[in-house]
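Visitor: Quick one: structure below, then a few questions.
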Amino acid sequence: MKDMIETRIPRAINWNRLDDDKDLEVWNRLTVNFWLPEKVPLSNDIPSWGTLTDHEKQLTIRVFTGLTLLDTIQNSVGAPALMPDAITPHEEAVLTNIAFMEAVHARSYSSIFSTLCSTKEIDEAFRWSEENPHLQAKAKAILDTYAPGNDPLKRKIASVFLESFLFYSGFYLPMYWSSRAKLTNTADLIRLIIRDEAVHGYYIGYKFQRGYEQLDEAGQQELKDYAFGLMFELYGIENQYTEELYDELGLTEDVKVFLHYNANKALQNLGFEALFPPEVSEVNPAILAALSPDSENHDFFSGSGSSYVIGKAVATEDEDWDF
Amino acid sequence: MSRQFPALVYFSSKSGNTHRFVTRLGIEAARISEDPDAPLPDPQEDFVLICPTYADGQGRGAVPKQVIRFLNDATKRAHLVGVIGSGNRNFGATYALSGHVIAEKCNVPLLYTFELAGTETDISRVRAGLEKIGRPLCSTAQ
């Protein structure tokens with residue numbers, strides 16, 4: 001593979017000749033959504049931070065350290081590992097953007113820490129992240145898949161699971177605090193990260209589907225078995241990680257439902273069906289509302305016939321409408 | 001005929017989430033192609049539109065260009081009776097925004113919103129809902 005790349009003629013990337021429109025669509029989305037942690041007024045959360053108990057503070061710092069580890073892996077190993085497998089030069093360019101934004105995400109947690117915590121607390125949490133067996137196990141499961149020489153499509157599966165599933169045991173906590181009007185600026189920053197990870201999971205999942213559809217039936221079955229097998233393995237680790245972190249606050253069951261919901265979404269990004277049935281995937285509405293302010297289940301069909309609510313407009317002007 | 005549904009028109013990009021949703025609904029539906037040169041569906045009866053969202057952080061570009069092109073034709077949108085929007089809650093305020101935008105532009109109800117390719121719950125609710133609004137439509141058409 002490497003030799004093949006080196007014997008190719010070096011070619012300048014031409015964005016005016018696309019092999020796959022999705023590359024430009026996602027490049028535009030990611031660049032328009034670019035942000036830095038400095039734009040979020042984290043210091044406004046200092047009074048709110050003071051209302052948390054010592055245990056809640058420690059939990060929050062640990063959760064964010066765990067998220068930092070995943071972002072670090074995706075920045076330095078995950079996204080770069082996908083580059084040699086890129087089908088188009090534009091895909092490589094998108095992956096460089098993804099890699100860089102993961103570095104921004106990892107850096108953001110340190111901004112939160114420096115705003116809210118003492119050096120001693122921060123150092124303790126980073127030490128914890130190196131020693132926690134569940135956190136290390138999920139990092140290892142993903143890194144093993146990223147190793148050089150591995151199947152390009154298996155790497156994409158692992159990458160989508162990291163982007164669309166593994167982060168969520170951590171993302172739950174700032175959404176929970178936000179639903180209780182705590183650490184709301186921190187939650188705003190986390191929502192920017194969640195938005196980026198959603199695009200990453202969508203795009204890498206899309207590229208997976210393009211490769212998957214080229215395979216014969218046996219090849220597809222093997223990959224699908226691999227994907228569900230890896231999901232089971234990661235889910236097992238996430239369950240233990242969740243129990244260890246959230247048992248004391250009594251939130252474990254609520255977090256697990258959130259895991260099921262996000263595991264299903266990760267599988268959908270790969271084009272697969274859901275794994276967890278609806279009855280164990282109905283997320284606490286307060287958490288859904290923290291994710292998306294206008295997101296109570298919109299169901300006109302089941303309504304009593306009262307008038308429907310038209311959404312409050314964000315910016316929707318588009319010159320293409322002609323009525 | 002055991003069930004009667006309104007006609008369905010939908011858009012799905014190559015990532016295929018909306019296409020998978022429509023396939024699982026098991027109701028005949030016309031797809032708006034991504035290819036700008038492909039002919040657009042031409043519904044001759046009342047129909048529901050299912051549309052995913054592609055908005056950036058500010059909500060721009062929520063409705064796919066091809067769907068706007070389809071709706072710009074007054075004879076096509078004349079039969080639109082409702083819209084179902086999809087998206088991802090991870091995009092916060094712009095979740096399923098295309099459904100809201102189309103509902104407002106075309107003055108039709110936003111019937112339902114769902115995420116990605118939808119859940120089993122979404123499929124059964126939308127099937128039941130479409131059946132509910134399809135029955136009177138189909139009987140008056142006769």
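The values are calculated or read from the model by the stated rules, or taken from the named source; none is laboratory data. Everything numeric in this text was worked out from a predicted model, so none of it was measured. When we count neighbours, we look across all protein chains shown, and the Cβ atoms used for this are built from the backbone with ideal geometry, even at glycine. For the accessible areas, the whole protein counts, side chains as well, though only heavy atoms, and no ligand, DNA or RNA atoms are used. Shrake-Rupley method; radii C 1.70, N 1.55, O 1.52, S 1.80 Å.
Visitor: Test residue A:31 against the stated conditions and say whether it is out of contact with any His (no Cβ under 6 Å at 6 or more places or on another chain), surrounded by 13 or more Cβ atoms within 10 Å (Cβ to Cβ) and under 22 Å from residue A:203 (Cβ atoms).
Guide: The answer is no for residue A:31.
Visitor: Also, quick follow-up: Give the residue that is most open to solvent (accessible area, probe 1.4 Å), with candidates limited to residues of region B:84-114 that are of a type outside the set (A, V, I, L, M, F, W, C) and more than 7 Å from chain A (Cβ to nearest Cβ).
Guide: It comes out as B:107.
Visitor: Working only within region B:56-83, note down all residues that are open to solvent by less than 10 Å² (accessible area, probe 1.4 Å) and out of contact with any strand residue (DSSP E or B) (no Cβ under 8 Å at 6 or more places or on another chain).
Guide: Those that are open to solvent by less than 10 Å² (accessible area, probe 1.4 Å) and out of contact with any strand residue (DSSP E or B) (no Cβ under 8 Å at 6 or more places or on another chain): B:59, B:62, B:68.
Visitor: Next up: Within region A:280-296, can one find any residue that is more than 20 Å from residue A:192 (Cα to Cα), facing chain B (nearest Cβ under 7 Å) and modelled with pLDDT under 95?
Guide: No: region A:280-296 contains no residue that is more than 20 Å from residue A:192 (Cα to Cα), facing chain B (nearest Cβ under 7 Å) and modelled with pLDDT under 95.
Visitor: Considering only region A:249-259, state which residues are open to solvent by 10 Å² or more (accessible area, probe 1.4 Å) and out of contact with any Asp or Glu (no Cβ under 9 Å at 6 or more places or on another chain).
Guide: A:250, A:251, A:253, A:254
Visitor: Right, here's the next one. Taking residue B:141 as the residue in question, decide whether it is at pLDDT below 95, hydrophobic (A, V, I, L, M, F, W, C) and surrounded by fewer than 19 Cβ atoms within 10 Å (Cβ to Cβ).
Guide: yes
Visitor: Would you point out which residue out of A:138, A:120, A:182 is among the basic types (Lys, Arg), in a helix (DSSP H, G or I) and open to solvent by 20 Å² or more (accessible area, probe 1.4 Å)?
Guide: Answer to the check: A:120.
Visitor: Go over the candidates A:109, A:146 one by one and state the one that is hydroxyl-bearing (Ser, Thr, Tyr) and under 29 Å from residue A:24 (Cα atoms).
Guide: After applying the criteria, what remains is A:146.
Visitor: Residue under question is residue A:92, and the condition is that it be more than 30 Å from residue A:210 (Cα to Cα), in a helix (DSSP H, G or I), open to solvent by 60 Å² or more (accessible area, probe 1.4 Å) and of a type in the set (Asp, Glu); does it hold?
Guide: Taking the combined requirement at face value, the residue does not satisfy it.
Residue-wise test of (1) open to solvent by less than 70 Å² (accessible area, probe 1.4 Å); (2) away from every other protein chain (no Cβ under 14 Å); (3) more than 11 Å from the chain's Cα centre (by Cα); (4) farther than 25 Å from residue B:134 by Cβ.
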{"residue": "B:13", "(1), (2), (3), (4)": "yes, no, yes, yes"}
{"residue": "B:26", "(1), (2), (3), (4)": "yes, yes, yes, no"}
{"residue": "B:31", "(1), (2), (3), (4)": "no, yes, no, no"}
{"residue": "B:43", "(1), (2), (3), (4)": "yes, yes, yes, no"}
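Visitor: Does at least one position in region A:68-85 carry a residue that is within 21 Å of residue A:187 (Cα to Cα), outside any helix (DSSP H, G or I) and open to solvent by less than 50 Å² (accessible area, probe 1.4 Å)?
Guide: Among the residues of region A:68-85, not one is within 21 Å of residue A:187 (Cα to Cα), outside any helix (DSSP H, G or I) and open to solvent by less than 50 Å² (accessible area, probe 1.4 Å), which makes the answer no.
Visitor: For region A:200-218, which residues satisfy the criterion of being surrounded by fewer than 22 Cβ atoms within 10 Å (Cβ to Cβ) and either at the interface with another protein chain (Cβ under 9 Å from one of its Cβ atoms) or of a type in the set (Lys, Arg) (or both)?
Guide: Those that are surrounded by fewer than 22 Cβ atoms within 10 Å (Cβ to Cβ) and either at the interface with another protein chain (Cβ under 9 Å from one of its Cβ atoms) or of a type in the set (Lys, Arg) (or both): A:209, A:210.
Visitor: Considering only residues that are within 23 Å of the chain's Cα centre (by Cα), part of a helix (DSSP H, G or I) and in contact (Cβ under 8 Å) with a residue 40 or more places away in the chain, which ones fall in region A:39-55?
Guide: Passing the criteria: only A:42.
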